[in-house]
Structures are given as structure tokens and as C-alpha cells.
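Here is the structure we will look at, set down as C-alpha cells.
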Amino acid sequence: MTRGRRRARPGWASVALLELRDVEAGYGSLQILHGVSLRVNAGEVVSVIGANGAGKSTAFKVIMGFISHLGGQIVFDGHDLVGRQPDRILGLGLGYVPQGRVVFGPMTVRENLEMGAYLERDKARIKASLEYVFSLFPRLRERPRQLAGTMSGGEQQMLAMGRALMMRPKMMMLDEPSLGLSPRFVDDVFDRIVELAQDGLTVMLVEQNAARALEISDRGYVLELGRNRFEGTGQALLENPEVKQLYLGYGAAVHRPRGDETARGDAMPGPSSTAS
């Protein structure tokens, strides 16, 4: 069962760790993002939701330097990310778990995790990171020599998350972490996200299970056709009638209400509230 979100640490709310300002991006000549603006403050969990093709995963990919940046600013922890290579971005402390549980199938669990620390040369730090990941995911500790390709989908997702944590990032981005998982593993994945957030890790996630994602989020953004449509607290977005109708389904129920947070006003339109 997913535990309630803790509040962001006092004093962190005004400190932007990641910020996108009017970002445009695409694949070759095909532009997908049209002036998207996102902000993730230190200590927050922020969800990005929207229909298929809204540009959610594209936003993550342009942040990490995987696709063409066509305009706008991307700043992480005071560093301009535009033009940087993905390994350089990783080295700044931004972890990324791509959609699809990307693991190295012919390699063992331990080898996959060690690949996540390929920029680290200090063996003691690598060992400490392994112990940290094993403490989060006991199932991985039980089978360090198992080939990743023989694991279940849920176990592979845990491995992918663990690999991203090996560099002990300041922030982690997860793209569709519950996609294709059984209900039991969906619970496990969301429990781990909450636990990481409670430990102080900043998290941004794209998630098809929008209601579940918003429940554990301090704030959220709704993208539509590559533009901002709505933004607000997780609770405000869950309660917004238009968001419920368009993105959560008619009368979408909150999966597990959070008792420790209240909505701070209605969800407000984003910087570009009219999609075209």
C-alpha cells in the first residue's frame, strides 16, 4: 500500500533544482514541444501527466540531451543543460530511468547495478551505493547473480531504478515506472518512490496512472499537444473537474487519499493554457 507523502522540507519550496523555460524540442524536423515550462523545487515530487503524444517523455529526453533542443532554457542545479552530453548531465546528479525497464539482459543484477556507477572510480563509494540499493530493494540483494533478462517485469523495474540510484543523484526522473506491471509491483514501485522522497530525493515522474501519480506528488503539470495545459498541487489537480474528465476519467476516484496534505486552491492553467 502506498504511504502518504511527506511534506517538502521547510525552506526548500522556493529553491528550483530543475527548471525548463519555454522549451521547444523534437525529433529531427518534427517538433513536439512548443514552449513547455516546468519547475521542480528541491525536495519535491512532481508529476507530468497528459494523453499519449502530449510530449511528456519528450520533455525528459530533451532534459537528458537525447533529442534535438530547438529553443528555451533548461537549468539543473544552476547548470545550463543545453548542449551537454547525457553522461555529463548524469555527472551533475540528475538520474534518469527511461520507459520500458531498460536493463542489460545478458548481465547479472550486480553487473547492471555496477554499470549505473560507471562514472564513479572510488570502489568504497560503489560498495556503499550497492548496499544502499540493496537496502531499498531487498529482492535484488537476494539474487545478485541472476541474469536481468530472466527477471519479471516488476523486478526489472526495480533494477532499473536501482541502477539510476547508484550515482546517488540529487534528483531522479522516472518515465512511466508502472507501465505493464502487475498491481502488486505497481504498489512496490510507488512505495519506493515515496520512500526515496521521504529520504530527501527530488523526483519527477511521467506516469500513465495519473491519479496514482498525483496522489504522491507535491505538484503536477498537465501537457497537451506539447504545451502546458494545467498546473497545480497534486491534490488540486485530482479535484479539478476538467482534469478529472479529460485525463482521469469521469468521476475518477482518488486511489488513496492523502491525509497529510490539503489543496492550496484550485488547479490553475499553465503558462500556455490554450493548446493548439
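The values are calculated or read from the model by the stated rules, or taken from the named source; none is laboratory data. As the structure is a computational prediction, the values presented were derived from the model and not from experiment. A quick note on method: Cβ atoms are made from the backbone with ideal geometry, for glycine too, and the neighbour counts reach across all protein chains shown.
Just for the range 17-30: of the residues that are small (G, A, S) and at pLDDT 95 or above, which one is farthest from I63 (Cα to Cα)? The residue in question is G26. Restricting to the range 83-111, name every residue that is in a loop (DSSP other than H, G, I, E, B), at negative phi and touching a helix residue (DSSP H, G or I) at 6+ places or on another chain (Cβ under 9 Å). Hits for the range 83-111 are P98, Q99, V102, V103, F104, G105, P106, M107. Among the residues making up the range 112-151, those that are over 16 Å from A164 (Cβ atoms) and outside any helix (DSSP H, G or I) are R121, D122, R143, P144, R145, Q146, L147, M151.
V222 meets all of the listed conditions (1) within 16 Å of R39 (Cβ to Cβ); (2) surrounded by fewer than 20 Cβ atoms within 10 Å (Cβ to Cβ) but one, namely (2).
Annotation note: of L246, L205, L237, the sole residue that is at pLDDT 95 or above and assigned to a helix (DSSP H, G or I) is L237. Going residue by residue through the range 89-101, is there one that turns out to be farther than 22 Å from L18 by Cβ, surrounded by fewer than 17 Cβ atoms within 10 Å (Cβ to Cβ) and either touching a strand residue (DSSP E or B) at 6+ places or on another chain (Cβ under 6 Å) or in contact (Cβ under 8 Å) with a residue 12 or more places away in the chain (or both)? Checked against the condition, which is being farther than 22 Å from L18 by Cβ, surrounded by fewer than 17 Cβ atoms within 10 Å (Cβ to Cβ) and either touching a strand residue (DSSP E or B) at 6+ places or on another chain (Cβ under 6 Å) or in contact (Cβ under 8 Å) with a residue 12 or more places away in the chain (or both), the range 89-101 yields at least one hit.
For the residues R141, R121, R125, R110, the requirement of being surrounded by 14 or more Cβ atoms within 10 Å (Cβ to Cβ) and either under 19 Å from L94 (Cα atoms) or at pLDDT below 95 (or both) singles out R125. Against the conditions (1) in contact with an Asp or Glu (Cβ under 7 Å, 6 or more places away or on another chain); (2) at pLDDT below 95, K170 satisfies every one except (2). Out of all the residues in the range 86-103, is one or more farther than 25 Å from E207 by Cβ and hydroxyl-bearing (S, T, Y)? No - not one qualifying residue is present in the range 86-103. Screening G72 on (1) assigned to a loop (DSSP other than H, G, I, E, B); (2) at positive phi shows it passes everything except condition (1).
Within the range 178-202, the only residue that satisfies the criterion of being of a type in the set (S, T, Y), over 15 Å from A160 (Cβ atoms) and modelled with pLDDT under 95 is S182. Screening Q157 on (1) within 25 Å of T202 (Cβ to Cβ); (2) of a type outside the set (A, V, I, L, M); (3) touching a Ser or Thr at 6+ places or on another chain (Cβ under 7 Å) shows it passes everything except condition (3).
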